[in-house]
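Chemist: One structure is given below, represented as structure tokens, and several questions about it will come after.
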Amino acid sequence: MPVVDVDPDELRDLTGHEDKDDDQLKTDLFDLGLEFEGWTEDDEMQLEFAPDRLDRLSVEGIARSLRYHYGDDRGVYIPSVNDADWTIAVEGQPEGRPYVTGAIVRGLDLDDAALESLIQLQEKLHATMGRKRSKGAIGIHDLTMLKGSPATDDGRANKSVTYTSVAPAEDSFVPLDSDGEMTPAEVLDQHPTGETYADLVNDFDRYPAIYDDLGLFSFPPVINGRRTEVTTDSRDLFIELTGTDQWTVDHMLNIVLYALSARGGQIERVEVDYDDDAPGEYAGQTLSRPDFAVRSKTVTHDRIETILGVDVDEGTVIDCAERAGLDATAVDDGAAYDVEVPPYRVDVLHPLDVVDDIGRAFGFNDLDPRYPEASTVGGRHERSRLEDAARDALVGLGFEDLLNFHMINAEENFERMGLADPREDGATDAVGAVDPVTIREPYSEDYTMLRTWALPSLLMVLERNTHRAYPQDIAEIGLAAHTDDTENTGVAEHRTVSGALARTDASYENVKGRLQAVADAFGKTLETPPTDHPTFIDGRTAEIVLDGDSVGVLGEVHPKVLVEHDLELPVAAFEFRLDALE
Amino acid sequence: MKLPHAQLAVLETASADEDRPITEVAEQADLKPEAATRAAFELEDEGLVAVSEETDESVTVTDEGETYADAGLPELRLYKAALEAGAETEPVSLGELLGAAGLDGPAVDIALANFARKGYGDVDSGDVSADADADPATDDERLALERLAAEETGGEDIAASVLDQLESRGLVDRSASTIRYVQLTDDGVTALMGGVEAAETVDQLTPEMLTSGEWEDVEFAEYNVEADAEQFQGGREHILRQTANRVKDVLVGMGFQEMEGPHADAQFWINDCLFMPQDHPARTHWDQFALETPDEIGSLPDDLVENVRSAHKEGVGEDGEGYHSPWTEETASRLDLRGHTTSLSMRYLSGHQVGELEPPQRYFSVEKVYRNDTLDPTHLLEFFQIEGWVMAEDLSVRDLFGTFTEFYEQFGITDLEFKPHYNPYTEPSFELFGTHPETGDIVEVGNSGIFREEVLEPLGVDCDVMAWGLSLERLLMLMYGFEDIRDVHGTLCDLELLRDVEVVY
């Protein structure tokens, strides 16, 4: 979940509530869903929240939400936007990053705190909506350091920069945090930021690049040039975003612009002029940005009442919407509302999201719980009943019921059991010797596959409990799996029943006796024709045949397997499929 | 008169004229001392004997004491060596004397500590001077130790202060024991004169006694019914299974049916049906285990794939918007170990598991899920998720609150609070917080919400469905107070902990 660091003094300043002490702020923030996690070293509040309201990734955005919460602001607010003076010409840009947007903000007076907040917002947006800059990346520049030539084409604004592409070593510029000229290839190879983001462009023949009249000044999404670096002296900013989706970069831009507007900046439009041959879906089009169009969702009064479970009047709905920063207008004689959603709300996809906003403003926690009237009949799944019945039978025979992980590694599942890995040595008839379901890029070498049988888990438990009192008669009923082309998932999953007697008198006979009791309890005829299995001692191993079907194996565990597990007493064991007891 | 064998033996062995120690009586009557004692008390209850007791202190010499009784106390050996080296006139270096006295190890400290205490001389800066007037021949501790070791005395004629000193030096052990005496009363004598027979006692009731009727004439030997019995280890259902079954009982009682379905499943069922965009950080931050073999599901229902794709790309309903994220069937077809059992809910709601469902319905599962997390005391790579949902016309958040309030109350978790929250697949969504039954802390107990239309419409569901999820292990830890879940679940489990844990019902 996103965490933002917020200076409480700035929050007081931006909300105009100097009187709120820290505790009151924390309570108000919690009501909005922002949880106080602690203080930073710089005495800033760390606030955590669910990743839907990305417009709250800055102190300015949080202050805006608080002002609505306090009732200081109501309804949709759209900042004013001046006409365009600049154009972003788009031609020859990389196909892998075809979209760009931008805007200008003038008249800022940024102090250190405001600049820090802007940088934090940029980073947090990169991490969330921008998908670590792959989907969208923001570049912020000091406008006074840009030189744009007057455009000649009709309809273009006066000055322009160009979003295009550059061969890896075709051109050079001085990147941020560097003193020397570097080519884009050198940035990826040698600059710390370049190394971090190299993966985003490594597949490209030509890299994304933004030029003005003086040359290359930005290498998105990797790094800006030093020439246009923003400082507290910067008053006018040029903001550009590049990415793989126009909607995403446009809305990341909106969130940044609302924050800068709250700092007193005047927004100015930028024309985004896609060349006729430019890649992407906007070739030949000119987009006027920012796009501050409000979206409208129609929600019925009835839906609001059914979700809340209480009757509300029209005035309450409109009031709640306005306190959520929305504008609601009753239509159809009050049967529905057209609700306008401001351009920084990237989370509203459906009218239900508006109902949620209205519910939060109304106060969900004030609603009384009630038990739904709908009447249904409960019951257990047959498989789960069978599993429980088998478990009861085993427990009645003195087995301690265990619960082990379904994930294991090949060494435990095969080698340490004396079993050949069927992927290397071919499948055999032996129980457990089937192709395992394996995990891609496993996090831990202990858990690389699903177990093909459960006896390895039981022996691992015995191995780790040699200091505990014997006898240790243990059993488990749980999942085992193997690959199977005849299954839609390619995985055959089944419940397996495994038991082991670890005691000085453990023998084939006394494990068979217990197995016989289970078979009898489920009305099954048990036969035990001799077989061999590398986990067990030859001549003391048998197939488990229930009602004529071969479903498992039982026997005395081979000394080499016991020694491998550091066991100093005999173990007799069985394993069979649970569905054999059906 | 008939008496049990032991009582009769004690009665016959006891004297009417003197108190006889019970140990002596037992020996003569060929009884174990405790059996004789028990019989004596029983006879006393009958008024046939009188039992009296006195406390006896015994002194035994320890192994160390035996050694010193033999070789001499260390301080005396030091004194002897000092005299031989002329230390009564001129101080002699300690090192030299230790060698001569044959002292090393802990005996050195013992020698030095007692040498000065008992006035045999002084030790100063490593030099020893001896007092010529001291007389080892009259050393109380030496004399007492030698006499005790030679068993010339039981310690009764040795001054208490000397015994205290020897005990504090660890050279003797003193222990107090109670000696009981038994003497016949007049009634006892009368009884004996009237004739007393032994009742036959048996240890074990046998089938033969029952069939022959012999049991009517026997007396059963008494057991020490307070003695510890042999430890017995019975089978036991795993506590997490017990907890799961309790949850299942509660949910079945609330009208929920149990779901069942694959652990390895397509991302389609695990994520895409849940309206989680394919590039959403949640799909990576949940860190599901992706499968290598096999890596792709054989087939997905075509109509459903198109519905889900459309919901992701175009949204649902007139005003609906989709995500601005890529969506491919290839990604949807990849196999994972399920990161939540909501994949089962999707399969059931789609009608592909048990056929089309008409409202109202309630379903649940308590099954394993897999997350690529770091294994620590509160996190496992595999754990059980309690998943439940209710399908009905027009469900409100009040119905959701009411259902969960009922459920958690069954586990003693009350004062449930609902914090508005965000999930990609529910709106509204609520995190559930409850009061811990033992500590009173506010703890998170689940996540819930009403499924979005972007989830339900592609599945063909046109009424409301509310759902919630909770980790079973979390509930278990709340109920049992475990601190490390690894002791309970998995191959690192501790059998003793599982054997000894108290039953919760």
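The values are calculated or read from the model by the stated rules, or taken from the named source; none is laboratory data. Please read these numbers as outputs of a predicted model, since none were measured by experiment. A quick note on method: Cβ atoms are made from the backbone with ideal geometry, for glycine too, and the neighbour counts reach across all protein chains shown.
Chemist: Do the conditions hold for B:Gly65, that is, is it of a type outside the set (A, V, I, L, M), in contact with a Lys or Arg (Cβ under 9 Å, 6 or more places away or on another chain) and touching a residue at least 12 places away in the same chain (Cβ under 8 Å)? Outline the logic, then answer.
Modeler: On the way: of a type outside the set (A, V, I, L, M): yes; in contact with a Lys or Arg (Cβ under 9 Å, 6 or more places away or on another chain): yes; touching a residue at least 12 places away in the same chain (Cβ under 8 Å): yes.
Yes; evaluated as a whole, the condition is true for this residue.
Chemist: So, one more: Only one of (1) at pLDDT 95 or above; (2) within 7 Å of chain B (Cβ to nearest Cβ) is not met by A:Ile408, so which one is it?
Modeler: The number of the failed condition is (2).
Chemist: So which residues in segment A:485-502 are in a strand (DSSP E or B) and either among the charged types (D, E, K, R) or without any contact (Cβ under 8 Å) to a residue 60 or more places away in the chain (or both), if there are any at all?
Modeler: To start, the set of residues in segment A:485-502 that are in a strand (DSSP E or B) comprises A:491-502.
If the condition is that a residue be in a strand (DSSP E or B) and either among the charged types (D, E, K, R) or without any contact (Cβ under 8 Å) to a residue 60 or more places away in the chain (or both), then A:Val491, A:Ala492, A:Glu493, A:Arg495 are the ones that fit.
Chemist: For segment B:407-417, does any single residue satisfy the condition of being surrounded by fewer than 19 Cβ atoms within 10 Å (Cβ to Cβ), more than 30 Å from A:Val346 (Cα to Cα) and within 11 Å of chain A (Cβ to nearest Cβ)?
Modeler: So the first thing to find is which residues in segment B:407-417 are surrounded by fewer than 19 Cβ atoms within 10 Å (Cβ to Cβ), and the list is B:409-412, B:414-415, B:417.
When the remaining residues are screened for being more than 30 Å from A:Val346 (Cα to Cα), the result is B:409-412, B:414-415.
Checking which are within 11 Å of chain A (Cβ to nearest Cβ) leaves us with B:409.
Checked segment B:407-417: at least one residue is surrounded by fewer than 19 Cβ atoms within 10 Å (Cβ to Cβ), more than 30 Å from A:Val346 (Cα to Cα) and within 11 Å of chain A (Cβ to nearest Cβ).
Chemist: Can you tell me which residue within segment A:259-281, out of those that are under 20 Å from A:Leu57 (Cα atoms) and out of contact with any strand residue (DSSP E or B) (no Cβ under 9 Å at 6 or more places or on another chain), is nearest to the other protein chains (Cβ to nearest Cβ)?
Modeler: Looking at the filtered set, the residue picked out is A:Ala259.
Chemist: Which pairs have Cβ atoms under 8 Å, sit 6 or more apart or on different chains, and link a residue in segment A:209-236 that is more than 15 Å from A:Leu188 (Cβ to Cβ) to one that is among the basic types (Lys, Arg) and part of a loop (DSSP other than H, G, I, E, B)?
Modeler: A:Asp212/A:Lys147; A:Asp213/A:Lys147; A:Leu214/A:Lys147; A:Leu214/A:Arg227; A:Phe217/A:Arg227
Chemist: Which condition number does B:Ser212 fail, the rest of (1) over 37 Å from the mean Cα position of the chain (by Cα); (2) closer than 30 Å to A:Phe405 by Cβ being met?
Modeler: (2)
Chemist: Further question on the same structure: Step by step: first the residues of segment B:384-406, then only those that are aromatic (Phe, Trp, Tyr) and in a strand (DSSP E or B), then the one that is farthest from the other protein chains (Cβ to nearest Cβ). Which residue is that? Can you show your working first?
Modeler: Going through segment B:384-406, the residues aromatic (Phe, Trp, Tyr) turn out to be B:384, B:389, B:401, B:404.
Those still in the list that are in a strand (DSSP E or B) too: B:384, B:389.
Values: B:Phe384: 9, B:Trp389: 11 Å.
This residue is B:Trp389.
Chemist: Would you mind stating whether A:Ala50 is surrounded by fewer than 22 Cβ atoms within 10 Å (Cβ to Cβ) and in contact with a His (Cβ under 6 Å, 6 or more places away or on another chain)? Spell out how you get there, then give the answer.
Modeler: Details: surrounded by fewer than 22 Cβ atoms within 10 Å (Cβ to Cβ): yes; in contact with a His (Cβ under 6 Å, 6 or more places away or on another chain): yes.
Yes.
Chemist: Give segment B:243-263 a look and list any residue that's under 15 Å from A:Asp388 (Cβ atoms), facing chain A (nearest Cβ under 9 Å) and assigned to a helix (DSSP H, G or I), or say none.
Modeler: The first filter runs over segment B:243-263 and keeps only residues under 15 Å from A:Asp388 (Cβ atoms), leaving B:243-249, B:251-252, B:258, B:260.
Imposing the further condition that a residue be facing chain A (nearest Cβ under 9 Å) reduces the set to B:245, B:248, B:251-252, B:258, B:260.
B:Asn245, B:Lys248, B:Leu251, B:Val252, listed by residue number.
Chemist: Now for a separate question. Are any residues in segment A:325-337 within 12 Å of another protein chain (Cβ to nearest Cβ) and among the aliphatic types (A, V, I, L, M), and if so, which ones? Don't jump to the end; show me each part of the working.
Modeler: Keep residues of segment A:325-337 that are within 12 Å of another protein chain (Cβ to nearest Cβ), which gives A:336-337.
Hit for segment A:325-337 is A:Ala336, nothing else.
Chemist: Looking at segment B:1-30, which of its residues are surrounded by 22 or more Cβ atoms within 10 Å (Cβ to Cβ) and over 10 Å from B:Leu184 (Cα atoms)?
Modeler: B:Leu3, B:Ala6, B:Gln7, B:Ile22, B:Val25, B:Ala26
Chemist: I'd like the full set of residues that are within 7 Å of chain B (Cβ to nearest Cβ) and touching a Cys at 6+ places or on another chain (Cβ under 9 Å), limited to segment A:338-397.
Modeler: Within segment A:338-397, A:Gly359, A:Arg360 qualify.
Chemist: Could you check segment A:508-534 and list, in sequence order, the residues that are outside any helix (DSSP H, G or I), touching a Leu at 6+ places or on another chain (Cβ under 8 Å) and hydroxyl-bearing (Ser, Thr, Tyr)?
Modeler: Matches in segment A:508-534: A:Thr525, A:Thr528.
Chemist: How about segment B:199-236: which of its residues are within 14 Å of chain A (Cβ to nearest Cβ) and part of a loop (DSSP other than H, G, I, E, B)?
Modeler: Taking segment B:199-236 and keeping what is within 14 Å of chain A (Cβ to nearest Cβ), we get B:230-236.
Correct list: B:Glu230, B:Gln231, B:Phe232, B:Gln233, B:Gly234, B:Gly235.
Chemist: Among the residues of segment A:421-437, is there at least one that is within 7 Å of chain B (Cβ to nearest Cβ), within 15 Å of A:Thr483 (Cβ to Cβ) and crowded, with 22+ Cβ neighbours inside 10 Å?
Modeler: Checking segment A:421-437: at least one residue is within 7 Å of chain B (Cβ to nearest Cβ), within 15 Å of A:Thr483 (Cβ to Cβ) and crowded, with 22+ Cβ neighbours inside 10 Å.
Chemist: Of all residues in segment B:363-374, which are surrounded by fewer than 17 Cβ atoms within 10 Å (Cβ to Cβ) and in contact (Cβ under 8 Å) with a residue 24 or more places away in the chain? Steps first, please.
Modeler: Going through segment B:363-374, the residues surrounded by fewer than 17 Cβ atoms within 10 Å (Cβ to Cβ) turn out to be B:373-374.
If the condition is that a residue be surrounded by fewer than 17 Cβ atoms within 10 Å (Cβ to Cβ) and in contact (Cβ under 8 Å) with a residue 24 or more places away in the chain, then B:Asp373 is the only one that fits.
Chemist: Would you mind telling me which numbered condition in (1) under 26 Å from B:Asp265 (Cβ atoms); (2) facing another protein chain (nearest Cβ under 9 Å) A:Arg468 fails?
Modeler: Unmet for A:Arg468, out of (1) under 26 Å from B:Asp265 (Cβ atoms); (2) facing another protein chain (nearest Cβ under 9 Å): (1).
Chemist: Are there any pairs with C-beta distances below 8 angstrom linking a residue in segment B:385-410 that is under 28 Å from B:His489 (Cα atoms) to a residue that is of a type in the set (Asp, Glu) and not in a helix (DSSP H, G or I), with the two at least 6 apart or on different chains, and if so which?
Modeler: B:Gln385/B:Glu367; B:Glu387/B:Glu367
Chemist: Okay, next question. Could you say which residue among B:Leu478, B:Leu456, B:Leu497, B:Leu470 is more than 9 Å from chain A (Cβ to nearest Cβ), in a strand (DSSP E or B) and either in contact (Cβ under 8 Å) with a residue 40 or more places away in the chain or not acidic (Asp, Glu) (or both)? Can you show your working first?
Modeler: Working: B:Leu478 fails: in a strand (DSSP E or B); B:Leu456 fails: in a strand (DSSP E or B); B:Leu497 fails: in a strand (DSSP E or B).
When all the criteria are applied, what remains is B:Leu470.
Chemist: As an exercise: evaluate A:Ala454 against (1) out of contact with any helix residue (DSSP H, G or I) (no Cβ under 8 Å at 6 or more places or on another chain); (2) within 9 Å of chain B (Cβ to nearest Cβ) and give the number of the one condition it does not meet.
Modeler: (2)
Chemist: Hey, any hits in segment B:482-496 for a residue that's among the aromatic types (Phe, Trp, Tyr) and within 30 Å of A:Tyr470 (Cβ to Cβ)?
Modeler: As a first pass, look at segment B:482-496 and keep what is among the aromatic types (Phe, Trp, Tyr): B:482.
Still in the running and within 30 Å of A:Tyr470 (Cβ to Cβ): B:482.
So far as segment B:482-496 goes, yes, one or more of its residues are among the aromatic types (Phe, Trp, Tyr) and within 30 Å of A:Tyr470 (Cβ to Cβ).
Chemist: Right, another one. Can you find even one residue in segment A:428-446 that is within 19 Å of A:Glu493 (Cα to Cα), of a type in the set (Lys, Arg) and more than 25 Å from the chain's Cα centre (by Cα)?
Modeler: No, every residue in segment A:428-446 fails to be within 19 Å of A:Glu493 (Cα to Cα), of a type in the set (Lys, Arg) and more than 25 Å from the chain's Cα centre (by Cα).
Chemist: Which ones in segment A:376-409 are part of a helix (DSSP H, G or I) and surrounded by 17 or more Cβ atoms within 10 Å (Cβ to Cβ)? Break it down stepwise before answering.
Modeler: Taking segment A:376-409 and keeping what is part of a helix (DSSP H, G or I), we get A:382-396.
Once the filter is applied, which keeps residues that are part of a helix (DSSP H, G or I) and surrounded by 17 or more Cβ atoms within 10 Å (Cβ to Cβ), segment A:376-409 yields A:Ser384, A:Leu386, A:Glu387, A:Asp388, A:Ala390, A:Arg391, A:Ala393, A:Leu394, A:Val395.
Chemist: I need every pair where a residue in segment A:507-520 that is within 17 Å of A:Glu543 (Cβ to Cβ) has its Cβ under 7 Å from the Cβ of a residue that is surrounded by fewer than 19 Cβ atoms within 10 Å (Cβ to Cβ) and among the basic types (Lys, Arg), sequence separation at least 6 or different chains.
Modeler: So the pair list comes out as A:Tyr508/A:Arg540.
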